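Q: The structure under discussion is supplied below as structure tokens; questions concerning it will follow.
The values are calculated or read from the model by the stated rules, or taken from the named source; none is laboratory data. Not measured: the values here are computed from a predicted model. Counting neighbours? That spans all protein chains shown, and the Cβs are built from the backbone with ideal geometry, glycine included.
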């Protein structure tokens, strides 16, 4: 059985996606890392879904839904760097803003929906979303006030959704007008 996760993409990441003209394109890769500068996708496995989220003015948006294909370096990644000055993943330079230069970055190949910034999560759903840890304990978001997320700390990281919340986010993405 596959799991679903959320990952928060920062303003810098989303600004770079817009600046580089990646809106409307499907990312072939995302990056996991061992350092706090990147989310660690350590709980994800092949077949799992990851919802990239973005917060803008207290509204949470689904930027892309990504299904994990593999977590290995492949030919498409380009040559591994020979020195610290070389790019880590020259084959994915177009998507480097997703963390290719992060400390200990590792490629996660994905089958993704196009990058968008117009799929908000309704306030009532935002208040209902729940995540579960490896011990099975669940938690919701903190700081949801009147359907708006006042502080992002509860979303910062890489978290496993409950199956009910995953189904609801799948519906949000599926109902979005192309």
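Q: Would it be correct to say that residue 2 is surrounded by fewer than 22 Cβ atoms within 10 Å (Cβ to Cβ), without any contact (Cβ under 8 Å) to a residue 12 or more places away in the chain and either under 11 Å from the mean Cα position of the chain (by Cα) or in a loop (DSSP other than H, G, I, E, B) (or both)? It would help to see each step written out before you state the result.
A: On the way: surrounded by fewer than 22 Cβ atoms within 10 Å (Cβ to Cβ): yes; without any contact (Cβ under 8 Å) to a residue 12 or more places away in the chain: no; either under 11 Å from the mean Cα position of the chain (by Cα) or in a loop (DSSP other than H, G, I, E, B) (or both): yes.
Against the criterion (surrounded by fewer than 22 Cβ atoms within 10 Å (Cβ to Cβ), without any contact (Cβ under 8 Å) to a residue 12 or more places away in the chain and either under 11 Å from the mean Cα position of the chain (by Cα) or in a loop (DSSP other than H, G, I, E, B) (or both)), residue 2 does not qualify.
Q: Just to verify a result, which residue in the range 104-121, among those that are modelled with pLDDT under 95 and assigned to a loop (DSSP other than H, G, I, E, B), is surrounded by the fewest Cβ atoms within 10 Å (Cβ to Cβ)?
A: Here the answer is 104.
Q: Filter the range 10-34 for residues that are in a loop (DSSP other than H, G, I, E, B) and over 15 Å from residue 108 (Cα atoms) and give the result.
A: Here is the first cut: in the range 10-34, the ones in a loop (DSSP other than H, G, I, E, B) are 10, 20-28, 33-34.
Those that are in a loop (DSSP other than H, G, I, E, B) and over 15 Å from residue 108 (Cα atoms): 10, 20, 21, 22, 23, 24, 25.
Q: Filter the range 41-72 down to the residues that are surrounded by 16 or more Cβ atoms within 10 Å (Cβ to Cβ) and part of a loop (DSSP other than H, G, I, E, B) and list them by number.
A: Passing the criteria: 41, 44, 48, 58, 71.
Q: Give the range 148-169 a look and list any residue that's at pLDDT 95 or above, assigned to a helix (DSSP H, G or I), under 23 Å from residue 118 (Cβ atoms) and in contact with a strand residue (DSSP E or B) (Cβ under 8 Å, 6 or more places away or on another chain), or say none.
A: Those that are at pLDDT 95 or above, assigned to a helix (DSSP H, G or I), under 23 Å from residue 118 (Cβ atoms) and in contact with a strand residue (DSSP E or B) (Cβ under 8 Å, 6 or more places away or on another chain): 165, 166, 169.
Q: What's the total number of residues in the range 130-162 that are free of Cβ contacts under 8 Å to residues at least 40 places away in the same chain and either farther than 19 Å from residue 59 by Cα or touching a helix residue (DSSP H, G or I) at 6+ places or on another chain (Cβ under 8 Å) (or both)?
A: Filtering the range 130-162 down to residues free of Cβ contacts under 8 Å to residues at least 40 places away in the same chain leaves 130, 132-133, 135-147, 151, 153-154, 162.
With either farther than 19 Å from residue 59 by Cα or touching a helix residue (DSSP H, G or I) at 6+ places or on another chain (Cβ under 8 Å) (or both) added as a condition, the list becomes 130, 132-133, 135-144, 146-147, 162.
Here the count works out to 16.
Q: Quick check on residue 23: is it surrounded by fewer than 16 Cβ atoms within 10 Å (Cβ to Cβ), touching a residue at least 12 places away in the same chain (Cβ under 8 Å), under 18 Å from residue 153 (Cα atoms) and touching a helix residue (DSSP H, G or I) at 6+ places or on another chain (Cβ under 9 Å)? Steps first, please.
A: Values: surrounded by fewer than 16 Cβ atoms within 10 Å (Cβ to Cβ): yes; touching a residue at least 12 places away in the same chain (Cβ under 8 Å): yes; under 18 Å from residue 153 (Cα atoms): no; touching a helix residue (DSSP H, G or I) at 6+ places or on another chain (Cβ under 9 Å): yes.
No: the conditions fail for residue 23.
Residue by residue, here is whether (1) touching a helix residue (DSSP H, G or I) at 6+ places or on another chain (Cβ under 8 Å); (2) touching a residue at least 40 places away in the same chain (Cβ under 8 Å) holds:
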| position | (1), (2) |
| --- | --- |
| 14 | no, yes |
| 18 | no, yes |
| 36 | no, no |
| 41 | no, yes |
| 52 | no, yes |
| 75 | yes, no |
| 81 | no, no |
